[in-house]
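Trainee: One structure, pasted below without further comment.
The values are calculated or read from the model by the stated rules, or taken from the named source; none is laboratory data. None of the values given here were measured: they were computed from a predicted structure. In this analysis, Cβ positions are derived from the backbone assuming ideal geometry, glycine residues included, and neighbour counts consider all displayed protein chains. Accessible surface areas use protein heavy atoms only, side chains included; no ligands, DNA or RNA. Shrake-Rupley method; radii C 1.70, N 1.55, O 1.52, S 1.80 Å.
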Amino acid sequence: MRAYAVYETDAMLRALDVDGYALVANALTADQCAAARDRIDALKPRHWDEARGRGNAPDRRLDRYLNVFNRDPFWLAFLDRPGIVDLAEAALGADCHVIGETAWRSHPGYSGDPLHADFAPVPWPEGALPDAVRVPIFILTAQYYLDDVTRELAPTRVVPGSHRAGRAPHAAETSWRGTAPQAVLAAAGDALVFRSDLWHAGSDNTSAAGVRYLLQVHYGRREMAQHFSPYLDWRFDARVLEAATKRQRRLLGEHEPGPYD
């Protein structure tokens, strides 16, 4: 699987159109990966977070922390990483925003989720989208790998081109048009950027003792709702807003007035 340099925005846009994803090399430094792993270790579950010993997580061997940008200004720097945010703005518009930021730990014995699409915006009942139809990207996820990801350490699996299926996979489907999911093997600091309508899946952590650390930043067009739970009780942390740059504040939702404001 080809890995793009962070400055290859046009090439990555083409990859998002053709394959539905782009693997980006060296999006984070080794020091940033190490610091993020330490900060994830220090997180405590809130609201809908999952953690071992809480909710259904004991069976999943998983820790999942939502909207971590609002817990500490440390996480702001991952919202606008060079190259990644440029790709998001090129794909979604200069007024796009962050709809979530999720930190994960997948422990030995973790069972990955089956093949799915996060959001397929244009259903096409006849089957695959015609070649002439190009569905805009509504949501992008940038998935930062904080460890070297081997086949044993729960690699993400993607089905190239499946965003053109015009639907999410059915429960029994394991491939699209004869193409099976491909494991994304990555180095610590690499990022996988993918469309919400791409068919993708987790995989099992079969390592003896390895924990896969992952940080996701979800971007949406301005018209896409920001998924900041617990919605009615949501409050921005004053420390975060004070520390945020102008661009980061826009990504957090501080927009210029628009048609629906």
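Trainee: Quick check on the stretch 201-209. Is at least one of its residues more than 19 Å from G100 (Cβ to Cβ) and open to solvent by less than 10 Å² (accessible area, probe 1.4 Å)?
Mentor: Within the stretch 201-209, one or more residues are more than 19 Å from G100 (Cβ to Cβ) and open to solvent by less than 10 Å² (accessible area, probe 1.4 Å).
Trainee: Which of the residues spanning the stretch 59-76 are part of a strand (DSSP E or B) and either small (G, A, S) or more than 11 Å from R39 (Cβ to Cβ) (or both)?
Mentor: Once the filter is applied, which keeps residues that are part of a strand (DSSP E or B) and either small (G, A, S) or more than 11 Å from R39 (Cβ to Cβ) (or both), the stretch 59-76 yields L62, D63, R64.
Trainee: Keeping to the stretch 215-243, report how many residues are open to solvent by 60 Å² or more (accessible area, probe 1.4 Å) and touching a His at 6+ places or on another chain (Cβ under 8 Å).
Mentor: 1
Trainee: Could you list all residues from the stretch 197-213 that are of a type in the set (S, T, Y) and in contact with a helix residue (DSSP H, G or I) (Cβ under 8 Å, 6 or more places away or on another chain)?
Mentor: Y213
Trainee: What's the number of the only condition in (1) modelled with pLDDT of 95 or more; (2) part of a loop (DSSP other than H, G, I, E, B) that W48 fails to meet?
Mentor: The single condition W48 does not satisfy is (1).
Trainee: Mind listing whichever residues of the stretch 116-164 are modelled with pLDDT of 95 or more and open to solvent by 40 Å² or more (accessible area, probe 1.4 Å)?
Mentor: Hits for the stretch 116-164 are H116, D118, F119, F138, D148, T150, R151, E152, R157.
Trainee: Which one is nearest to H200 (Cα to Cα) among residues in the stretch 102-119 that are under 15 Å from the mean Cα position of the chain (by Cα) and assigned to a loop (DSSP other than H, G, I, E, B)?
Mentor: A117
Trainee: Still on this model: Out of D72, D49, D17, D31, I need the residue that is without any contact (Cβ under 8 Å) to a residue 24 or more places away in the chain, closer than 25 Å to L251 by Cβ and surrounded by fewer than 20 Cβ atoms within 10 Å (Cβ to Cβ). Which one?
Mentor: Checking each option against the conditions leaves just D31.
Trainee: With respect to R212, determine if the residue is buried (at least 20 other Cβ atoms within 10 Å of the Cβ) and of a type outside the set (A, V, I, L, M, F, W, C).
Mentor: yes
Trainee: Right, another one. Could you list all residues from the stretch 237-255 that are within 16 Å of A225 (Cα to Cα) and either outside any helix (DSSP H, G or I) or among the polar types (S, T, N, Q) (or both)?
Mentor: Across the stretch 237-255, the qualifying residues are L252, G253, E254, H255.
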